[in-house]
Amino acid sequence: MNTRESKSKRNPGRKPPPLVPVSRDGALPLSFAQQRLWFIDQLAPGSYTYNVPFFVRLMGPLEVAVLERSLSELLRRHEALRTTFSLVNGQPVQRIASEWGFTLPLEDLEGMAEGQREDVVRRLAEEEARRPFDLEKGPLFRARLLRVAADEHVLLLSKHHVVSDAWSLGLLERELTALYRALSHGEPMPRALEVQYADYATWQREWVKGEVLEEQLRWWKQQLAGAPPVLELPTDRPRPPVQSARGAALRVMLSPALSGAVKERSRKEGVTQFMTLLAAFHALLARYSGQTDIVVGSPISGRNRREVEGLIGFFVNTLALRIDGSEAASFRELLGRVRESCLGAYAHQDLPFEQLVDALQPARDMSRSPLFQVMFVLQAMDPCAALKLPGVSASELVVESGVSRFDLMLSVRELSEGWLCIWEYSSDLFDAETVERMAAHYVRLLEGAVAEPEQRLSLLPLMGDEERRRVVVEFNETAELYAPANGVHELFEAWADRTPEAVAVSFGEEKLTYGELNR
């Protein structure tokens, strides 16, 4: 999530109403984002596409009973984690459980052979990551603890995206730390929350309508007018008629030198690191697709009010960043266009993405996501960095979920040792080798761009020496000996006999095979 840009200057416009607690006696509406995920779940029940797993390895003397009480208190504090959804008079509403009776299941693996334990941990984690949620029955927050050894545990936490987002993960870590310390060491408990997510959803419905909605929509309609609806990246396989969300991920660590060079170039150009990394991503997509006018999706925290900064919930909004690089000759010029597009979008970030799609009504295509098919994310957070239980070290247990909601998503995560690039891709469309090559091209292009920002975009390097030699030399070794023939027509007839069903000529929608031409 692009958390750094979320506090950017916004168009003040009309003053929003106060965000205050609302009565729990009546029906509680869903936020616009929640409603979209609810509709998706109605179309594909039993899917784990929107699971948000967080698995952490805990090394040290863990107080299991205190951890259980801390998680129970977390549920008490945040209504979103004990919310379910149901239909009332044909409309989805939130249901908040007043009683939750939380217990932390503990599975002891100590009796297993040492080599077997890790296999079991990974199998259980993968099963948890792919275990669907029932939005009506709940719960939409699950926790499970595995005891690997006396001083080693694995905590499996899963939430549905409809009640959480990436920002919420950092909040969960900090609150769990504070609650654990308070219950085990007598430190102060976190202060009470002023409002809850249901209050925000009600407020959003009151705020984003009428003049506010129309003003935001005007800008976005103008910004996206004439934008290409599809990014035609070359794929390894034909696109399925219905998007499946099957995916895989590739992780590539940027060198400390390159991470530092990006930071320094961003400072010199007067842009954020997000903008520099996004500009390089745009340049890569342009080289692959041959398109220069590209729409890239990017999430933004959506927490523009002080009252919601400490709430766990689904606040994130998605911005459709249209970047037209058709007149940008150099990377520096492209960077200027990226900056302009981002700042305009930040100033109009109050419009929920769901409202934008409803207003634009793009052509329905079940094989693609609307408005954009690629995403770019910058996460200025190190998983587990905020989870600091006394005497216990925490590290992320990485388990691939097998999900990709888009054709391609590049997430750049800022870690203490540098930047980690996570390439999440549709395995229906791309092979692992293709994405590995794309990731390597991004690194080389980024290196060239920050070193020589005035360089022409078309001249920024993509290939290394070995790949260039293979393309230039091996791929062009195409000489082939043919049997003697009396003329070209005999060669054609011989080929038609071998491949009569292959397409020989096409014009528009008309096609002729070799067999038809040879009649």
Note to self: I'd like the residue in region 19-31 that is surrounded by fewer than 19 Cβ atoms within 10 Å (Cβ to Cβ) and touching a helix residue (DSSP H, G or I) at 6+ places or on another chain (Cβ under 8 Å) and, out of all such residues, is modelled with the lowest pLDDT.
What the structure shows: R24
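Determine, yes or no, whether V93 is part of a loop (DSSP other than H, G, I, E, B), at pLDDT 95 or above and at negative phi.
Details: part of a loop (DSSP other than H, G, I, E, B): no; at pLDDT 95 or above: yes; at negative phi: yes.
For V93, the condition - part of a loop (DSSP other than H, G, I, E, B), at pLDDT 95 or above and at negative phi - is not met.
Does G464 fit the bill of being small (G, A, S), in contact with a helix residue (DSSP H, G or I) (Cβ under 8 Å, 6 or more places away or on another chain) and more than 17 Å from T276 (Cα to Cα)? Outline the logic, then answer.
Numbers: small (G, A, S): yes; in contact with a helix residue (DSSP H, G or I) (Cβ under 8 Å, 6 or more places away or on another chain): yes; more than 17 Å from T276 (Cα to Cα): yes.
In short, yes.
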Margin query: Out of V377, V412, V399, V403, I need the residue that is touching a Gly at 6+ places or on another chain (Cβ under 8 Å), touching a residue at least 40 places away in the same chain (Cβ under 8 Å) and not polar (S, T, N, Q). Which one?
Written below: V403
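In region 213-250, what residues are within 30 Å of L81 (Cα to Cα) and either of a type in the set (D, E, K, R) or part of a helix (DSSP H, G or I) (or both)?
Residues of region 213-250 that are within 30 Å of L81 (Cα to Cα), as a first pass: 213, 243-249.
Once the filter is applied, which keeps residues that are within 30 Å of L81 (Cα to Cα) and either of a type in the set (D, E, K, R) or part of a helix (DSSP H, G or I) (or both), region 213-250 yields L213, R246.
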Note to self: Any residue in region 25-43 that is at positive phi sitting within a Cβ distance under 6 Å of a residue that is hydroxyl-bearing (S, T, Y) and buried (at least 19 other Cβ atoms within 10 Å of the Cβ)? List the pairs, counting only those 6 or more apart or interchain.
What the structure shows: none
Notebook entry, point to check: So which of R303, R332 is assigned to a loop (DSSP other than H, G, I, E, B) and charged (D, E, K, R)?
Noted result: R303
Next item on the list: Hey, can you tell me all the residues within region 262-293 that are surrounded by fewer than 19 Cβ atoms within 10 Å (Cβ to Cβ), touching a Ser or Thr at 6+ places or on another chain (Cβ under 9 Å), touching a residue at least 40 places away in the same chain (Cβ under 8 Å) and in a helix (DSSP H, G or I)?
Entry: E269, R287
Notebook entry, point to check: Can you find even one residue in region 110-125 that is closer than 24 Å to G313 by Cα, buried (at least 18 other Cβ atoms within 10 Å of the Cβ) and out of contact with any Asp or Glu (no Cβ under 6 Å at 6 or more places or on another chain)?
Noted result: yes
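The values are calculated or read from the model by the stated rules, or taken from the named source; none is laboratory data. Computed from a predicted structure; not experimentally measured. Backbone-built Cβ (ideal geometry, glycine too); neighbour counts: all protein chains shown.
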